[in-house]
Amino acid sequence: MAVSSPSAMDRPAVERRAALPPGFQAGAVAAGIKASGRPDVALILATSGPAAAAAVFTPNAFAAAPVRLSRSNLAVTSDDPRGGFGFASAVVSTSGCANAATGAAGDRDQAEVGRMVAEALGVDELRVLHLSTGIIGARLPLDRVAVGIDAVAQNLRDDDAALEATAEALRTTDSVTKIATTSIALPAEDGEPMPVTVTGIAKGVGMIHPNMATMLSVILTDAPVAPEVLWDLLRPAAARTWNQLSVDGDTSTNDTVFVLASGVAGTAPIAAGSGAAVTLGAAIEAVARDLARQQAADGEGATILITAIATEAVDDIDARAVARAVVSSSLVKAAAHGKDPNWGRIAGAVGNAVTASAAVLEAAGLAPDVAATRGGRPATIDPDRLRVSIAGHPVFDGAQGGPLTFDRAAARAAMDAPELVIELDLGLGDGTGEAFGCDLTEAYVIENSEYTT
């Protein structure tokens, strides 16, 4: 069975504010990569030596140069050929140019960025992780990047405002900065509880669709945890949150999530499978989930956050598949925008639900052989047991013949809210899952029809 998602009661409360954990410095500047003149170069430095690091990346065949270089650097620092974890001294982000589909020249450009960061910060360039976002197919303006890196390196700070500035520099078409933080208590060597901070920043409001990650994010913590343990905590959290997020059906070339742990919190080292690991994993998932919800709510052109909640599925795998199918449906998204309680579109999406890929299911906790048999298969659906509610209004009950009589005007009025909740009771088991999306609007089409012009 897949590892179950922490319940709402298990996840710690999250605040949408910057809180830079001890052991890190950050900063950002406007270097002129973005035509708008907004901040576009950012750095995060581990100040107490290399931090444990873990990552999930896009599986896109056109994976960008920063993705390939980061994966390679993690593999070198851990001797793990998968490139999912290792050690990192710094993270560099350039926004406004994706450096994707740029061939060998783009790889050389990204390597030069790493060299610049290493020289400016006095770290090993193999311990530099890379993020980039923006237009695909354009070369990085290395002269501007160099000026930006030097400027940021001289002004790194360890305060919360520095982290907020870094989050701002990640943005491209985002309308708001995305930050989430939580605090937990983990035991010291003598058993006394010690405070630990987990904070995340993210960008991404378009070209977002499930497949491992679905945007850019950096999560920071001061917990002492080995890279391979951190990876085991990140992968299922990403599978249950960012892999349940869809804005427009397109998975980017640059999707990346990093988690870095400075290890300076003063707690005992966190062992795999321990209670402390469970607590830290729940905190990472809580931050990831809130960032995913922020991204869905800020989807390009969006006016509504759509949350689909599936219950009583055969298992969590099917529940997540059903919820994901609903928020990913263009017809459901369009109906949400028009405040149309068209349950037929929801039922159709449920009937098309397909489980996540084997790689995602394995990341979520399934054994590889089980993941291989379950991945990419139709979810188990019985129309005679399905029940659907839109914004709190029951609209369909298979056990009662299907369509229900409901107050359409009242349902439309209830849909006119910042968040639309669609509840799906499959009547087949105890599996649960959720997914996040947004409405499809005219503004989305306009923005993406003129993206490069």
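The values are calculated or read from the model by the stated rules, or taken from the named source; none is laboratory data. Here the structure is a predicted model, which is why all the values come from computation and not from measurement. So basically every Cβ, Gly included, is an ideal-geometry build from the backbone, and we count neighbours across all protein chains shown. To get the accessible areas, we keep the full protein, side chains included, count just its heavy atoms, and leave off ligands, DNA and RNA. Shrake-Rupley method; radii C 1.70, N 1.55, O 1.52, S 1.80 Å.
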Quiz prompt | Cα-based convex hull volume of region 25-125 per residue, rounded to whole Å³ | solution = 106 Å³
Exercise. Rounded, prolate or oblate: pick one for region 74-124, where a ≥ b ≥ c are the square roots of the eigenvalues of its C-alpha gyration tensor, a/c under 1.5 means rounded, and failing that, prolate if a/b is larger than b/c, else oblate.
Key: oblate
Self-check item: V445-A111 pseudo-label distance in nm [points 7 Å out on the Cα-to-Cβ vector]
Solution: 4.6 nm
Exercise. Determine the percent antiparallel among the DSSP beta bridges restricted to the chain, to the nearest 5.
Key: 70 percent
Quiz prompt | For region 213-309: Kirkwood Rh in Å [reciprocal of mean 1/r, alpha carbons] | solution = 14.4 Å
Quiz item: So what's Rg/Rh here for region 291-346, counting alpha carbon atoms and using the Kirkwood radius for Rh?
Solution: 0.99
Quiz item: Around L291, with a cut-off of 10 angstrom between Cβ atoms, what is the net charge of the other residues, counting Lys and Arg +1 and Asp and Glu -1?
Solution: +4
Practice problem: Summarise the long-distance tail of P(r) for the chain by giving the % of C-alpha pairs beyond 35 Å. | Solution: 28 percent
Quiz item: Taking a ≥ b ≥ c as the square roots of the eigenvalues of the Cα gyration tensor of region 376-451, is the shape rounded (a/c under 1.5), prolate (a/b larger than b/c) or oblate?
Solution: oblate
Quiz prompt | Surface/4 estimate of mean projected area, convex hull on alpha-carbon atoms of region 34-78, nm² | solution = 4.9 nm²
Self-check item: Computed label-point distance, nm, for sites A35 and S274 using a 7 Å Cα→Cβ extension
Solution: 5.3 nm
Practice problem: Kindly give the semi-axes, whole Å and largest first, of the ellipsoid equivalent to region 109-246, taking each as the square root of 5 times a Cα gyration tensor eigenvalue. | Solution: 28, 22, 15
Quiz item: When the chain is fully extended, how far beyond the present Cα-Cα distance does D407 get from E119, taking 0.36 nm per residue of separation?
Solution: 97.1 nm
Exercise. Could you work out how far apart the two model spin labels at E419 and Q154 are, taking each label as a point 7 Å from the Cα in the direction of the beta carbon, and quote it in nm?
Key: 4.5 nm
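Checking a compactness column here: for region 293-386, what do you get for Rg(Cα) / (2.2 N^0.38 Å), N being the number of residues?
1.16
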Quiz item: With every protein chain present, what is the per residue accessible area of the chain (1.4 Å probe, Å²)?
Solution: 37 Å²
Quiz item: What is the distance in Å between the Cα centres of region 279-336 and region 140-181?
Solution: 28 Å
Self-check item: Value of relative contact order over the chain, rounded to a whole percent, pairs C-alpha under 8 Å and six or more apart
Solution: 17 percent
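Can you give the FRET efficiency for A188 and R385, using 1/(1 + (r/R0)^6), R0 = 45 Å, r = Cβ-Cβ distance, to the nearest 0.05?
The formula returns an efficiency of 0.35 here.
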Exercise. Set the Förster distance to 35 Å, then compute FRET efficiency between E228 and F62 from the Cβ-Cβ distance, nearest 0.05.
Key: 0.75
Practice problem: Would you please give the FRET efficiency between V354 and R82, computed as 1/(1 + (r/R0)^6) with r the Cβ-Cβ distance and R0 = 30 Å, to the nearest 0.05? | Solution: 0.75
Quiz item: Shape of region 393-432 from its Cα gyration tensor (a ≥ b ≥ c, root eigenvalues): rounded if a/c is under 1.5, otherwise prolate when a/b > b/c, or oblate?
Solution: oblate
Practice problem: Enumerate the helices in the chain for which the Kyte-Doolittle hydropathy averages 0.0 or more and the C-alpha atoms extend at least 30 Å along the helix's axis, using complete DSSP H runs. | Solution: 275-297
